[in-house]
Amino acid sequence: MPKWLKDAVFYEIYPQSFYDTNGDGIGDFNGIIEKLDYIKGLGCNALWINPCFDSPFKDAGYDVRDYKKVAPRYGTNNDLYRLFGEAHRRNMHVLLDLVPGHTSEEHVWFKMSGKAEKNEYSNRYIWTNGCFEAAYGFPYIGGECERDGVYVLNFFKSQPALNYGFYECKEPWQLPMDHPDCIATREAMKDVMRFWLDHGCDGFRVDMADSLVKNDDAAKTGTCTIWRNVREMLDTEYPEAAIISEWSNPTLALKAGFHMDFYLNRRGNGYNSLLRDYESGEDNSFFRMDGQGDITRFLRDYLPMYEATRGDGYISMFTCNHDTLRPKYSLSDRELKIAYAFLFTMPGVPFLYYGDEIGMRYQRIPTKEGGYFRTGSRTPMQWSREKDAGFSTCPPDALYLPVDTSEDAPNVASQEADEASLLHTVRELLALRHTYEDLQADADFNVIYAESGKLPCVYRRGDILIALNPSEQTVYALVDTGGRAVIYGIGEEAATENGITLAPQSCVVLK
Ligand code: NOJ
């Protein structure tokens, strides 16, 4: 386990929209470098940068055309290497986004694979043996290449699936995982990882990590075998490199070798019950002040995963990501403060999406580069009230995506100047986390008071007690605080003798 993860807090950067230093309307690596001190000052000591590789951008860069070359719109490979160096100088770490399940249809491997003559790349993707032979059970495309066969997709039409083999081969065109050409795909991906790790990157967020082996069993035995092989390589060659999966099944992912797995927004799951319950129709998110206050919905889902994975790796909570609506979509800044107090005092390694520290809003705007509804969470970072929200100096109509132009659009400069802002609360919470090991990744998580339909919610991390009240009522629970003193609070002061009394929309941390 890389040691630095114990106290890591990640900041996710959508590079298109973070900071533009050359006035072309799109963010760049130099922009990230210029803002490293801001990110560090926030309390985030690690970055996850969304795909920044050469791409036709039919899915915002998740359609990679060249794994080893950055997209010129962000700068050069050397700029990215410099970013690694500047981050390390500040004791920060950088994860890139690895997309192992598919490439762009414009990747040279795919062009070679689509040729009629057999070559080294013929089996790099999954093809049937004839253009009129369907790849039943999979999304597929025919009629695009000179090769006589249809090929399997992993996501959009522009993203053909790489071939890691089939756990169970049911058709003649399905190769087993141990076929040399399938092993070659895995080795090619390890080669990509080595390339970036050798240049100073600290690991990867892994896209659709569970999608590699087809016809896999329920336990994902095939796909897990591949990741265990990758993890062995990392343990031997890059023991301080970290990988986090987009899987949302920590029980499988952490055993398969991932150091961290995202606890993602899935309809009806525990994470959604915290701040995204609108996906169920009626919004009873725990952190809404008018919600039903039922933390047990979260705990029922989370605790078994937490117990089953202790010691294997970390579950990552996140404020939002480039695929979800921003949390501000349904929560006010006041509500977000309590929600973040929770997310940032939980075990594992938390992730903050750029702009969520100031409560940036979800924008209803037209789709861009395969974003569709997701585009509204990918707009330029709002740095100030200046032109283009301080993101760029280009004419507004030249921006990659429009900035939030509303009168009261939140921005960093105004929140810096306001001690009561969400930005300040995020800084305080992260500073608190860095001060006490008990609030970091490893310390025990114990539920002290969590009742359906009742508040507060009280839990212990190591020896630290945390009590939250997201509601608009004053609440009380008979909890023995063991003589602990208040080390932090949000909202009106709490009474902590003879139980805990919390004012509306408040939280308290006791040690
Ligand atoms: C998950 C990524 O987060 C998403 O943005 C992308 O569209 C798909 N995987 C396909 O790579």
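The table below lists the values:
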item: The listed residue being surrounded by fewer than 21 Cβ atoms within 10 Å (Cβ to Cβ), within 16 Å of the ligand (Cβ to nearest atom) and assigned to a loop (DSSP other than H, G, I, E, B), out of Asp283, Asp323; result: Asp323
item: Residues that are farther than 16 Å from Leu465 by Cβ and of a type in the set (Gly, Ala, Ser), drawn from segment 425-443; result: Ala431, Ala441
item: Segment 287-320 - residue that is surrounded by 22 or more Cβ atoms within 10 Å (Cβ to Cβ) and polar (S, T, N, Q) and, of those, nearest to Ala60 (Cα to Cα); result: Thr319
item: Some residue of segment 175-196 being away from the ligand (no atom under 16 Å from the Cβ), under 24 Å from Asn119 (Cα atoms), touching an Asp or Glu at 6+ places or on another chain (Cβ under 8 Å) and part of a loop (DSSP other than H, G, I, E, B); result: yes
item: Qualifying residue in segment 38-57 (condition: touching a Leu at 6+ places or on another chain (Cβ under 9 Å), β-branched (Val, Ile, Thr) and over 20 Å from Thr319 (Cα atoms)); result: no
item: Tally, over segment 367-381, of residues that are within 16 Å of Ala409 (Cβ to Cβ), away from the ligand (no atom under 12 Å from the Cβ) and not hydrophobic (A, V, I, L, M, F, W, C); result: 3
item: Lone unmet requirement of (1) in a helix (DSSP H, G or I); (2) surrounded by 15 or more Cβ atoms within 10 Å (Cβ to Cβ) for Arg228; result: (2)
item: Counted residues, segment 381-403 - those being touching a Pro at 6+ places or on another chain (Cβ under 8 Å), on the phi < 0 side of the Ramachandran plot and touching a residue at least 12 places away in the same chain (Cβ under 8 Å); result: 8
item: Matching entry among Lys337, Lys328 (being under 20 Å from Val508 (Cα atoms) and away from the ligand (no atom under 16 Å from the Cβ)); result: Lys337
item: Checking Tyr38 against (1) within 16 Å of the ligand (Cβ to nearest atom); (2) of a type in the set (Ser, Thr, Tyr); (3) in contact (Cβ under 8 Å) with a residue 60 or more places away in the chain, the condition it does not meet; result: (1)
item: Residue count, segment 11-27 (criterion: surrounded by 23 or more Cβ atoms within 10 Å (Cβ to Cβ) and acidic (Asp, Glu)); result: 2
item: Flag if Asp217 is within 16 Å of the ligand (Cβ to nearest atom) and of a type in the set (D, E, K, R); result: no
item: Members of segment 318-333 that are among the β-branched types (Val, Ile, Thr) and farther than 19 Å from Ala409 by Cβ; result: Thr324
item: Qualifying residue in segment 464-471 (condition: under 26 Å from the mean Cα position of the chain (by Cα), in a loop (DSSP other than H, G, I, E, B) and either charged (D, E, K, R) or closer than 30 Å to Met1 by Cα (or both)); result: no
item: Qualifying residue in segment 63-81 (condition: within 16 Å of the ligand (Cβ to nearest atom), of a type in the set (Lys, Arg) and out of contact with any Lys or Arg (no Cβ under 9 Å at 6 or more places or on another chain)); result: yes
item: All positions within segment 76-109 that are assigned to a helix (DSSP H, G or I) and surrounded by 23 or more Cβ atoms within 10 Å (Cβ to Cβ); result: Leu80, Leu83, Ala87
item: Members of segment 250-262 found to be assigned to a loop (DSSP other than H, G, I, E, B) and touching a residue at least 60 places away in the same chain (Cβ under 8 Å), listed by number; result: Leu254, His259
item: Those residues of segment 413-427 which are buried (at least 18 other Cβ atoms within 10 Å of the Cβ) and over 22 Å from the mean Cα position of the chain (by Cα), in sequence order; result: Gln415, Ser421
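Yes/no matrix, rows are residues, columns are (1) surrounded by 17 or more Cβ atoms within 10 Å (Cβ to Cβ); (2) assigned to a strand (DSSP E or B):
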residue	(1), (2)
Asn446	no, yes
Asp480	no, no
Glu492	no, no
Cys507	yes, yes
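So that you can scan it fast, the table gives a plain yes or no per residue for (1) in contact with a strand residue (DSSP E or B) (Cβ under 7 Å, 6 or more places away or on another chain); (2) under 26 Å from Asp323 (Cα atoms); (3) within 16 Å of the ligand (Cβ to nearest atom):
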site	(1), (2), (3)
Pro172	no, no, no
Arg205	yes, yes, yes
Thr225	no, no, no
Arg228	no, no, no
Glu237	no, no, no
Pro250	yes, yes, no
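Laboratory data are not the source of any read-out in this text; all were calculated from the coordinates shown. Model, not experiment: these values are computed from the prediction. Neighbour counts are summed over all protein chains in view; Cβ atoms, including those assigned to glycine, are modelled from backbone coordinates with ideal geometry.
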